[in-house]
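Reviewing the structure listed below.
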Amino acid sequence: MTRIPIWMDCDTGTDDAVAIMLAHALPELDLKGISAVCGNTTQRNAFLNTHRVCGMMGARYPVYPGAEKPLINPLHTADDVHGAGGLGGVELPLPEGVEYLTTPAWDALYACAKAMPGALRLVATGPLTNVATAFIKYPDLPGLLHSVLFMGGASWEGNVTPSAEFNFYADPHAAELVLKCGAKLVMCGLDVTLQTYLTRRQLDAMGDSGARVGAFVRACGFHAWKVFNSLDMKGFCMHDSCPVMYAAHPELFEGEMAGVAVETRGSITNGKSVTDLYSDKQFPFKNALVLLKVDRERFMEILTESILKLG
């Protein structure tokens, strides 16, 4: 089996941690590197959390530091959902003997893409600051990538304001640049990610499985689960696992090509993703495949089986 090379760009909080574990566990994927960006938590926390998660799995992936703040807007984190450290209050040890790389995320990403032109899928699960910075510095990078699969945006309502999803809200200018980059884009917005959730029963089953990683998922996910439950949501949403799963199993998803833009100037609508999926008036472009449906049962089956086999 020819494995699919991917690069992950993460603001490693609770659901990013699960996404990294999934990318490591899926046999279809070949994870080449991980870059850390500010978002759910600070860039420093995200960088160290990524090392912690890799250490827990016994994996040694190169991890690169990225942006410490958005392109223009002030930093906005999500401590209320992910906890002050990003992992829901769970304290994982830093692995021993790790080399903490200093090459900037955008330089490392470009080098990797240039080494395998047309093959690398970029999976972005946080604000798109690192990706936008890379595209600004290396204008040929979009053409070197196979595609950009990102978690962000929503066709309807938001989750951080009535109109904006968190990753787009955190850095709308970066999202705007990526949406205009010309690369093949796959948008995993709230339309599809809210369908992928771990219920309390499923969280407990993972925690009771006897697997160390299962206990971690329950522990770090419980903080987020309490937040989502207070909002009458069905469970701990696996937002960031969606683009990872799509890279390996696109057959689980349904979507439509659409024109997608983002609001960067409105005071009420800042960060709102605007699509022409449901409007009579259409944009003069179709720049992204917007995922809208997922086979939730199969998605959760693959996710739980893949992660628990890590032990």
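The values are calculated or read from the model by the stated rules, or taken from the named source; none is laboratory data. All values reported here derive from a predicted model rather than from experimental measurement. No Cβ is skipped: glycine too gets one built from the backbone with ideal geometry, and neighbour counts run over all protein chains shown.
In region 168-188, the residue that is nearest to D140 (Cα to Cα) out of those that are out of contact with any strand residue (DSSP E or B) (no Cβ under 6 Å at 6 or more places or on another chain) and among the hydrophobic types (A, V, I, L, M, F, W, C) is C181.
Summed over region 174-204, the residues that are farther than 20 Å from L289 by Cα, out of contact with any Phe, Trp or Tyr (no Cβ under 7 Å at 6 or more places or on another chain) and either outside any helix (DSSP H, G or I) or in contact (Cβ under 8 Å) with a residue 40 or more places away in the chain (or both) give a count of 2. Among the residues here, G97 does not qualify as out of contact with any Asp or Glu (no Cβ under 7 Å at 6 or more places or on another chain) and within 22 Å of E305 (Cα to Cα). Check region 80-87 and report whether any residue there is of a type in the set (A, V, I, L, M), in contact with a strand residue (DSSP E or B) (Cβ under 6 Å, 6 or more places away or on another chain), outside any loop (DSSP other than H, G, I, E, B) and in contact (Cβ under 8 Å) with a residue 24 or more places away in the chain. The answer is no; no qualifying residue exists. Of M233, M187, all but one fail to be aliphatic (A, V, I, L, M), out of contact with any Asp or Glu (no Cβ under 9 Å at 6 or more places or on another chain) and modelled with pLDDT under 95; the exception is M233. Restricted to region 132-146, and to residues there that are outside any loop (DSSP other than H, G, I, E, B) and either of a type in the set (S, T, N, Q) or within 20 Å of V37 (Cα to Cα) (or both), the residue that is nearest to the chain's Cα centre (by Cα) is A132. Scanning region 33-61 for residues that are within 17 Å of V131 (Cα to Cα) and either in a helix (DSSP H, G or I) or over 16 Å from the mean Cα position of the chain (by Cα) (or both) returns Q43, A46, F47. Which of the residues spanning region 137-151 are touching a residue at least 12 places away in the same chain (Cβ under 8 Å), out of contact with any Leu (no Cβ under 7 Å at 6 or more places or on another chain) and farther than 16 Å from P250 by Cα? Matches in region 137-151: K137, Y138, L141, P142, G143, L144.
For region 94-131, the tally of residues that are in contact with a strand residue (DSSP E or B) (Cβ under 7 Å, 6 or more places away or on another chain), outside any loop (DSSP other than H, G, I, E, B) and of a type in the set (S, T, N, Q) stands at 1. Among the numbered criteria (1) at pLDDT 95 or above; (2) over 18 Å from V192 (Cα atoms), which single criterion is violated by Y246? Unmet for Y246, out of (1) at pLDDT 95 or above; (2) over 18 Å from V192 (Cα atoms): (2).
Is region 229-239 home to any residue that is touching a strand residue (DSSP E or B) at 6+ places or on another chain (Cβ under 8 Å), closer than 30 Å to H146 by Cβ and surrounded by fewer than 17 Cβ atoms within 10 Å (Cβ to Cβ)? Checked against the condition, which is being touching a strand residue (DSSP E or B) at 6+ places or on another chain (Cβ under 8 Å), closer than 30 Å to H146 by Cβ and surrounded by fewer than 17 Cβ atoms within 10 Å (Cβ to Cβ), region 229-239 yields no hits at all.
This table checks each residue for (1) surrounded by 21 or more Cβ atoms within 10 Å (Cβ to Cβ); (2) under 22 Å from A67 (Cα atoms); (3) small (G, A, S).
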residue: N130; (1), (2), (3): yes, yes, no
residue: I136; (1), (2), (3): no, yes, no
residue: L145; (1), (2), (3): yes, yes, no
residue: G152; (1), (2), (3): yes, yes, yes
residue: E157; (1), (2), (3): no, no, no
residue: V160; (1), (2), (3): no, yes, no
residue: A174; (1), (2), (3): yes, yes, yes
residue: Q195; (1), (2), (3): no, no, no
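Does region 267-286 hold any residues that are surrounded by fewer than 16 Cβ atoms within 10 Å (Cβ to Cβ), free of Cβ contacts under 8 Å to residues at least 40 places away in the same chain, of a type outside the set (A, V, I, L, M, F, W, C) and more than 30 Å from A23 (Cβ to Cβ), and which are they? Correct list: S267, S279, D280, K281, Q282, P284.
Against the definition (of a type in the set (A, V, I, L, M, F, W, C), part of a loop (DSSP other than H, G, I, E, B) and free of Cβ contacts under 8 Å to residues at least 40 places away in the same chain), how does M233 come out, yes or no?
Values: of a type in the set (A, V, I, L, M, F, W, C): yes; part of a loop (DSSP other than H, G, I, E, B): yes; free of Cβ contacts under 8 Å to residues at least 40 places away in the same chain: yes.
Here the answer is yes, as M233 does meet what is asked.
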